[in-house]
Structure formats: C-alpha cells, structure tokens
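Just below is one structure, and these are the notes that go with it.
The values are calculated or read from the model by the stated rules, or taken from the named source; none is laboratory data. Quick caveat: nothing in here was measured; it's all calculated off a predicted structure. For neighbour counting, all protein chains shown are included, and Cβ atoms are generated from backbone atoms with ideal geometry for every residue, glycine included.
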Amino acid sequence: MHLVAPLLAGFEGTLRTLPEQLVLGILTGSIYALIALGYTMVYGILKLINFAHGEIFMLGAYIGLFVSWWAIGSTAASATALISPGALVTLSIVLMAVGIVAGVALALVAKAKGKKSAGLFIGVGMSCIGLLGIVLAKYQPQAITLVVMMLASMIGCSIVGVLIEFLAYRPMRSQPRISALITAIGVSMFIQFTGQLFLPNSPPPSIDEAVSPYRGSVHFYLKGPGKELTASLADAQKAADERSAVLDKAVKANNWDTFSLPPEGQKLKDAVLEKQQEARNIQGKIQKVSVEVNMPTGQLIMFITAVALMIGLRHLVMKTETGRAMRAVSHDFDAASLMGVNVNKIVSITFIIGSALAGAGAMMNATFLGTPLTSFYGLIPGVKAFVAAVLGGIGNIPGAVLGGILMGVAEGLVIWAGYSSLRDAIAFVILIVILMFRPGGLLGSSEEEKV
C-alpha cells in the first residue's frame with residue numbers, strides 16, 4: 001500500500017490535466033479539419049489526392065508573414081493597422097450596400113427566368129462581412145491587421161491553387177490516375193525546393209507577436225476549489241500585500257539597506273515571507289482539488305473562425321446552385337458534363353475553396369502559435385490533415401471535419417500520456433490502423449476501388 005499510494009496520487013494528478021489536453025486537442029483539430037477539407041473536396045471531385053495541398057498551406061503562412069512585415073516591419077516594436085477604422089467603416093457600408101443591391105438584382109433576374117439563385121446568399125454574406133467590418137472598427141480595431149492578413153492568405157492561396165489545377169492537374173485528367181498522383185507529388189516537391197531558393201528560410205522567420213493583441217488565455221474550472229479555499233487564498237494574499245507595504249514603508253522611512261536589514265526590519269521581512277508561503281501552500285491545495293482548463297485566446301479564436309468557415313462551406317455545398325453542381329460532378333463527372341454543368345469551372349471553384357481554407361488555417365496557425373516558417377512548414381500539417389481526411393472518409397466533407405477533430409484529440413492524448421515527442425508519429429499509427437480495419441474511413445464508403 002505504501003508503494004501504491006504515491007502512484008495513485010500521481011495518476012490522479014495526471015487525470016486533472018486530461019480535460020485541458022482534450023480541449024486543446026479539439027482546438028488544434030479544427031485547423032487540421034480546415035486543411036483536410038481541401039484534400040477531401042478535391043478527391044471527391046477528381047478522385048485525386050492533392051499532395052501539394054500542404055505546400056499551399058505553407059505559402060499561406062508566408063503570405064501572412066509578408067503582410068505582417070508590411071504592417072509593422074520585420075523588427076518593429078508595435079503594430080499599426082493596415083487600414084484606419086474610419087476607412088474600414090466606409091468600406092463596410094459600401095460593401096453592405098453593394099451586397100444588398102446585387103443580391104436583390106440577382107434574385108429578381110433568376111425569378112424572371114424561373115430559376116433558383118444564390119443572390120440572397122451573396123447579399124446576406126456581403127452584408128454580414130460589412131457588419132463584421134463595422135464591429136471590428138468600433139470594438140476591435142487592433143484586429144484589423146489580422147483580418148487583412150487572413151484575407152490576403154486566402155486570396156493568395158486560392159490563386160496558387162487554381163494555377164496548380166490549371167497547369168499541372170488539368171492536362172493529366174485523361175491520363176491514368178497513377179500519373180496524376182505522381183504529378184501531385186512532383187508539384188509538392190517543386191514548391192518545397194523552389195521555396196528554399198526564393199523564400200526567407202535561414203534563419204526561419206516567424207510572425208512578430210506584436211501583430212496579435214490576443215496573447216492571453218481564457219480559463220475556467222470544471223471543478224472549483226470551493227469557497228473556503230478561495231477565501232483563504234484571498235485573505236493570505238491580502239495579508240502578504242499589507243505586510244509587504246509596511247516593510248517598504250519602514251525601509252524608506254529608516255533608509256535601510258534591503259540586503260542587510262536590522263533585526264526589526266528582518267522581523268517584518270519574515271512576516272511577509274510567512275504570508276507569501278501560506279498563500280503558496282493554499283494555491284497548492286487548490287491545484288490538487290480543482291480541475292482547471294486554460295485555453296490560449298489565439299487558439300480559441302482559431303477554433304471559432306474555423307467553425308464559422310466550415311458552416312459557410314456547408315451552406316455553400318448544400319444550399320446553393322454551385323454546391324449542387326459540385327455534388328453532381330462528385331457523383332458522376334461525365335454525366336454532370338452531359339447535363340450542362342461546366343466541370344472545369346466547378347473544379348476551379350473547388351480548388352479555390354479548398355486552398356482558401358488552407359490559407360486561413362495557415363495564417364492563424366503561424367500567427368497565434370508563432371512557429372518558425374520554412375519551405376517545409378506545410379509538410380507535417382499536410383500529412384496530418386491527409387490522415388484526418390482518410391480517417392473520416394476521404395471525399396466526405398463531414399468526415400474530414402470529424403477526422404480533423406479526432407486527429408487533434410489523439411495528439412492531445414499522446415501529450416497527456418507524457419510522450420509529446422511522439423505527437424507527430426500518432427498520425428502514421430492512425431493511418432495504418434484505419435487502412436487495416438476500415439479503409440473507407442469512419443463516414444466513408446467501404447466499396448473497394450481500383451487506383
């Protein structure tokens with residue numbers, strides 16, 4: 001029993017950190033889900049695994065870095081907004097007006113032709129973006145630079161994604177699928193090693209923390225310490241502060257040397273140390289009996305933004321004419337073409353959306369986590385997102401989201417177990433297990449398909 005008790009106490013202490021690791025895993029998984037959506041959408045349309053998607057993620061991070069340099073310089077002490085709050089309000093009002101007019105006009109034209117229109121969706125979307133701009137300008141002007149960085153990353157990655165599809169993948173559509181797969185690997189390696197020549201790599205740069213004002217954390221208790229301990233801690237801290245103030249006053253009044261206090265001064269100092277130690281002891285008790293979850297504010301913003309983008313994607317795919325065309329092309333490429341669907345346009349839109357989501361995730365990941373950037377920055381996140389897509393069922397959009405979240409949670413559990421150095425290896429373990437027992441993924445089809 002004497003040997004088992006310390007082990008049980010240690011395990012109990014470890015269990016108290018489990019909820020926090022699970023929450024952090026979900027927050028991290030939302031970024032994997034954003035990247036995985038690009039893999040799964042392209043596969044759903046073209047039956048192609050776009051291995052260059054991780055490099056699009058890398059380029060999105062670099063675009064965010066360059067915009068941040070534009071905002072504050074590469075070594076600046078303080079950030080400045082790329083656009084003034086007043087100008088943002090004006091642009092937002094103009095955007096809302098244009099959105100309302102364009103939405104109504106498109107809806108009326110479609111109604112006259114007896115067709116459905118995405119005019120209402122466009123109008124509401126532009127109005128919401130304009131309203132968001134006004135809110136940012138009034139309440140969060142320091143976030144304007146972050147929004148500009150995200151938009152730049154999304155637009156830049158969309159352009160790169162379309163160029164890759166047009167120049168590399170479109171000529172390979174009539175070729176065997178293994179040829180397209182090799183092309184995807186070649187494009188990935190080309191971007192990686194070209195990036196070594198033209199992108200800043202040595203030393204690896206990172207986005208200055210001055211860009212983001214959200215460097216704190218949000219914490220809450222799943223199991224609180226109780227009123228008695230909380231009150232005791234407050235009393236001990238108050239007493240320590242009062243005694244410290246008395247000591248400081250005595251030092252100034254008597255001109256004492258703080259390093260060699262007289263007996264009277266040493267007595268006052270001992271009283272301060274006694275109360276400070278009492279406060280630390282109470283804090284130790286609180287940590288033992290309570291379960292606290294700390295969430296970095298930046299990662300919480302990443303999660304909320306990722307969820308909003310996923311909701312927007314779901315609405316686009318399920319509720320709009322473009323989304324219906326995407327589903328038709330995914331179901332039968334040739335039949336959709338015969339029915340009048342412009343498949344080249346739909347494929348390009350798919351690459352635009354998937355690349356934009358990767359760009360948003362890259363900018364947030366590089367900004368809020370502050371990780372150094374290299375031309376191989378997208379390799380590991382890309383592999384993890386690919387595994388997440390396979391885990392959920394590649395080609396299945398809800399499956400990609402589920403796989404990303406589960407991937408993040410698995411990483412959190414590995415870290416919680418004390419094997420943080422193996423957090424990247426868990427992706428390959430999951431991939432092997434999934435391919436062995438459920439190759440189609442959790443939500444995917446179990447039909448066998450020849451590659």
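List of remarks:
- Test: Leu120 is over 30 Å from Ser188 (Cα atoms), surrounded by fewer than 20 Cβ atoms within 10 Å (Cβ to Cβ) and at pLDDT below 75: yes
- Taken together, Ala427, Ala356 contain a single residue that is out of contact with any Leu (no Cβ under 9 Å at 6 or more places or on another chain) and among the aliphatic types (A, V, I, L, M), which is Ala427.
- Qualifying residue in the range 261-271 (condition: more than 30 Å from Leu146 (Cα to Cα), modelled with pLDDT of 80 or more, in a loop (DSSP other than H, G, I, E, B) and more than 48 Å from the chain's Cα centre (by Cα)): yes
- Test: residue in the range 207-229 that is modelled with pLDDT of 85 or more and either assigned to a loop (DSSP other than H, G, I, E, B) or in contact with a Gly (Cβ under 8 Å, 6 or more places away or on another chain) (or both): yes
- Hey, Ser174 free of Cβ contacts under 8 Å to residues at least 24 places away in the same chain and farther than 18 Å from His53 by Cβ or not: yes
- Residue within the range 330-337 that is assigned by TED's automatic domain parsing to the domain that holds Ala61 and aliphatic (A, V, I, L, M) present: yes
- Given (1) surrounded by fewer than 18 Cβ atoms within 10 Å (Cβ to Cβ); (2) modelled with pLDDT of 85 or more; (3) among the aliphatic types (A, V, I, L, M), number of the condition Val289 does not satisfy: (2)
- Every listed requirement among (1) in contact with a His (Cβ under 8 Å, 6 or more places away or on another chain); (2) of a type in the set (A, V, I, L, M, F, W, C); (3) more than 26 Å from Gly216 (Cβ to Cβ) is met by Met295 save one, (3).
- Within the range 394-424, the set of residues being over 16 Å from Thr28 (Cβ atoms) and in a helix (DSSP H, G or I) comprises Ile397, Pro398, Gly399, Ser421.
- Index of the failed condition, Ser260 passing every other in (1) of a type in the set (Gly, Ala, Ser); (2) on the phi < 0 side of the Ramachandran plot; (3) in contact (Cβ under 8 Å) with a residue 60 or more places away in the chain: (3)
- Unique residue being within 22 Å of Lys345 (Cα to Cα) and crowded, with 16+ Cβ neighbours inside 10 Å when the list is Ala137, Ala143, Ala152, Ala168: Ala168
- Gly323 being surrounded by 16 or more Cβ atoms within 10 Å (Cβ to Cβ), without any contact (Cβ under 8 Å) to a residue 12 or more places away in the chain and either of a type outside the set (Asp, Glu) or closer than 30 Å to Ser232 by Cβ (or both): yes
- Criterion: more than 25 Å from Val23 (Cα to Cα), polar (S, T, N, Q) and without any contact (Cβ under 8 Å) to a residue 12 or more places away in the chain - qualifying residue of Ser330, Ser375, Ser348, Ser337: Ser337
- Taking the range 374-393 as the range and being out of contact with any Phe, Trp or Tyr (no Cβ under 6 Å at 6 or more places or on another chain) and part of a loop (DSSP other than H, G, I, E, B) as the test, the residues that pass are Thr374, Ser375, Phe376, Tyr377, Gly393.
- So Ser153, is it touching a Phe, Trp or Tyr at 6+ places or on another chain (Cβ under 7 Å), assigned to a helix (DSSP H, G or I), hydroxyl-bearing (Ser, Thr, Tyr) and at negative phi: no
- Check on Glu274, farther than 28 Å from Phe368 by Cβ, free of Cβ contacts under 8 Å to residues at least 12 places away in the same chain and surrounded by 13 or more Cβ atoms within 10 Å (Cβ to Cβ): yes
- For the range 176-206, the candidate set comprises residues that are in contact with a Ser or Thr (Cβ under 6 Å, 6 or more places away or on another chain) and not in a helix (DSSP H, G or I); within that set, the residue that is surrounded by the most Cβ atoms within 10 Å (Cβ to Cβ) is Leu199.
- Hits in the range 217-253 - residues which are surrounded by fewer than 12 Cβ atoms within 10 Å (Cβ to Cβ) and farther than 24 Å from Gly284 by Cβ: Ala245, Lys249, Lys252, Ala253
- Flag for Gly393 being crowded, with 24+ Cβ neighbours inside 10 Å and at negative phi: no
- Only a single criterion out of (1) within 29 Å of the chain's Cα centre (by Cα); (2) modelled with pLDDT under 90; (3) within 15 Å of Gly44 (Cα to Cα) is not satisfied by Ala336, namely (1).
- Residue within the range 135-150 that is touching a Gly at 6+ places or on another chain (Cβ under 9 Å), in the same structural domain as Leu357 (by TED's automatic domain parsing), at pLDDT 85 or above and closer than 17 Å to Gly312 by Cβ present: yes
- Qualifying residue in the range 355-369 (condition: more than 27 Å from Val147 (Cβ to Cβ) and either among the aliphatic types (A, V, I, L, M) or in the same structural domain as Met326 (by TED's automatic domain parsing) (or both)): no
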